[in-house]
1. Quick check: net charge around A:ALA353, other residues with Cβ under 14 Å of its Cβ, Lys/Arg +1 and Asp/Glu -1?
2. Per residue of chain A, what 222 nm ellipticity follows from adding -39500 (n - 2.57) for every DSSP H run with n ≥ 4, rounded to the nearest 500?
3. Taking all protein chains as present, what is the carbon and sulfur share of the accessible area of the range B:1-133, in % to the nearest whole number, probe 1.4 Å?
4. P(r) tail for chain A, what percent of Cα pairs lie past 40 Å?
5. Farthest toward the dipole's positive end in the protein assembly as shown, which of A:SER50, A:LEU128, A:ALA253, given Cβ charges of +1 (Lys, Arg) and -1 (Asp, Glu) about the Cα centre?
6. Would you mind estimating how fast the range B:1-81 diffuses translationally, via Stokes-Einstein at 37 °C and 0.692 mPa s with the Kirkwood radius over Cα pairs, in µm²/s?
7. On a straight-distance basis, which lysines could pair with B:LYS86 in a cross-link, Cα separation under 16 angstrom, same-chain partners fewer than 8 positions away excluded?
8. Work from the charge dipole of the range B:1-130 (Cβ charges, +1 for Lys and Arg, -1 for Asp and Glu, about the Cα centre) and give the residue of B:SER82, B:MET35, B:HIS5 farthest towards its positive end.
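The values are calculated or read from the model by the stated rules, or taken from the named source; none is laboratory data. None of the values given here were measured: they were computed from a predicted structure. FYI the Cβ positions are ideal-geometry reconstructions off the backbone, even for glycines, and counts take in every protein chain you see. Just so you know, the surface numbers come from the protein's heavy atoms only, side chains and all, with ligands and any DNA or RNA stripped out. Shrake-Rupley method; radii C 1.70, N 1.55, O 1.52, S 1.80 Å.
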Amino acid sequence: MVGIILFIIALFLLFAGYSVAYTFAGVSLIVGFITMGPELFSFMPYRIMSIMENTTLMAIPMFVFMGIVLQKSGLAERMLESSAKLFGGISGGVAISTIVVGALLAASTGVVGASVVAMGVISLPVMLKNNYHQPTATGVICASGTLGQIIPPSIILIILGDVMGISVGDLFQAAVLPGALLIVCYALYILALGKFKPGYCPPLKIDEDKGALIKQALIDVVPPLILIVAVLGSIFGGIATPTESSSLGAIGAIILSSFYSGFSIKQIKQSSLETVKVSSMIFAVLIGATAFSMVFSYSGSDYLVEDFMLGLPGEKWTFIFLAMFAILILGFFIDFIEIAFLVVPILAPIAIALNIDMVWFAILIAMNLQTSFLSPPFGFSLFYLKGVAPKSIKTTTIYKGVIPFIIIQVIVLTLVIFFPEYLIIY
Amino acid sequence: MQVKHSLSKLIDYVGAICGLLMVLMLLNVFYDVIMRYLFDDVSIGMQELEWHLFAAMFMFGIGYTLKEDGHVRVDVFYDNFSPTVKAWVNILGSVLLALPITLLIIYYGYGYAFEAYEMNEGSADPGGLPHRWIIRSVIPLSSVFVVLCLLQVVLTQITILRDTPKDQSSPQSRSKSPAKEEV
């Protein structure tokens with residue numbers, strides 16, 4: 001019971017806005033100290049050491065670094081500009097190119113905020129100038145920006161793989177089909193919109209020579225595509241572990257960005273400092289979560305939750321529904337990192353006890369988190385777009401715009417829940 | 001505020017070292033991958049060095065990130081707080097939440113590192129790195145660094161409290177900062 005009270009106190013304290021990592025660590029220490037004494041925490045160094053030795057998690061800084069280097073090289077801007085010109089001529093063309101570039105950015109950088117900001121700065125003005133339906137224009141950007149959560153190599157899949165004790169390579173592979181299905185459904189929706197509501201996404205007037213446009217688009221898209229194929233291919237082919245291939249990807253990103261914007265030590269220095277901040281933030285949450293989980297499990301609360309969940313009727317379906325619902329709601333308020341480190345470790349043993357396929361369960365969690373990134377009123381993607389959109393775009397416009405995409409998400413999620421044999425392949 | 005200034009410089013310096021460790025780790029892993037696949041040559045020592053660099057990078061990076069305000073917060077309400085309230089959240093959080101757990105990690109981490117030193121513990125694998133106490137002592141040492149970073153944060157927040165006129169209570173700009181990295 002102590003653990004559950006602790007969880008609730010910590011969750012409430014989070015809203016004061018102090019660092020999540022230290023809020024959880026600090027509250028756990030106070031509650032653990034009062035109820036069980038300080039000796040409980042003598043194992044902290046051992047637990048920290050096992051994080052320090054964890055070579056799976058080593059892939060996180062390197063993939064983050066790869067993403068930041070590519071982002072600083074202006075990759076997103078180049079791809080968006082050239083593909084918007086290439087596809088702009090058809091109804092819904094700019095929206096489709098936003099989806100395609102969003103998917104490519106997801107696979108190469110995976111930085112949700114950065115993709116949304118880049119697309120909001122470049123694609124949104126183009127769409128608005130051409131009298132796109134405002135909600136559709138903003139919705140497509142928010143939705144495409146969240147693809148980085150599910151399309152490998154995504155940080156959330158690495159964390160889930162580690163927390164749930166499954167192979168990160170398997171998870172990456174299993175995420176490919178659901179991710180692709182999402183992209184296809186987004187694009188189909190825009191195409192249908194172009195057909196039935198042509199006024200929502202009118203074609204652009206393109207005066208430039210078609211051949212030159214195709215050539216420019218190839219120059220901008222093919223090199224990053226090769227990098228993505230090399231990184232993911234080496235993992236899926238069983239040639240390299242995700243950690244090994246993340247180093248290949250990071251070195252490849254340096255080469256690619258030198259090719260586009262020149263080699264610069266200063267840029268590498270900035271990228272590595274950013275990487276230090278992002279990785280330290282993630283591992284601080286992990287250490288905070290460790291303190292929390294020590295108190296939680298030593299007080300026997302994990303069994304309490306497990307007994308409760310296993311005692312529910314409807315076997316695994318009730319559990320899956322409850323778990324998904326809880327994650328969706330928590331995802332509105334707290335970041336995926338906290339959910340992955342704090343909530344998933346409580347759910348994972350129950351899923352194992354219920355004989356649930358862990359890879360499938362992990363993909364469901366990732367897709368669910370992606371949906372909560374997109375959901376009003378607190379979805380991160382919406383805030384990022386609001387931050388860079390022109391003042392004339394109201395928050396309610398963005399809320400309205402993401403609704404069709406949330407419906408698509410829910411449909412794809414439902415398909416993955418009921419037809420894993422076709423959609424989860426690893 | 002001479003102390004605060006020197007502290008900030010020290011923390012930035014350590015942050016730059018973390019950045020360097022990050023790049024070294026990347027080169028280390030890349031080198032190991034190339035050696036293994038192209039030359040079929042595996043060095044246990046080099047592979048262990050990978051996570052030594054990784055661990056030192058993020059453990060010391062935690063303090064640097066505190067100073068840079070890079071730790072994730074739930075900012076639904078925080079963003080709308082006045083500078084004074086924000087400063088109090090940070091001061092109280094640093095002293096009541098962050099400091100105790102950090103001191104505890106220093107206390108137990110010291111014993112943990114000292115134990116490895118006394119037993120002259122090394123890697124269990126042949127060809128692995130000796131002197132395991134060095135990487136173990138990163139745990140207490142980086143926590144001492146975190147204490148310094150917390151001190152810098154608290155001093156900075158006190159400056160904000162002192163410099164903010166009492167009557168100012170207007171909330172700051174609403175929306176979340178788009179510049180924040182979200183991975």
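1. Working: positive: A:LYS316; negative: A:ASP302, A:GLU306, A:ASP307, A:GLU315, A:ASP357.
With Lys, Arg at +1 and Asp, Glu at -1, the neighbours total -4.
2. Values: 20 runs with 326 residues, N = 426.
Per the formula, -25500 deg cm²/dmol.
3. Working: 4360 of 6510 Å².
Solvent-exposed carbon and sulfur of the range B:1-133 make up 67 percent of the total.
4. Values: 16292 of 90525 pairs.
The answer is 18 percent, as a whole percent.
5. A:LEU128
6. Numbers: Rh = 15.1 Å.
It diffuses with D of about 217 µm²/s by this estimate.
7. Within reach: B:LYS67, B:LYS166, B:LYS176.
8. B:SER82
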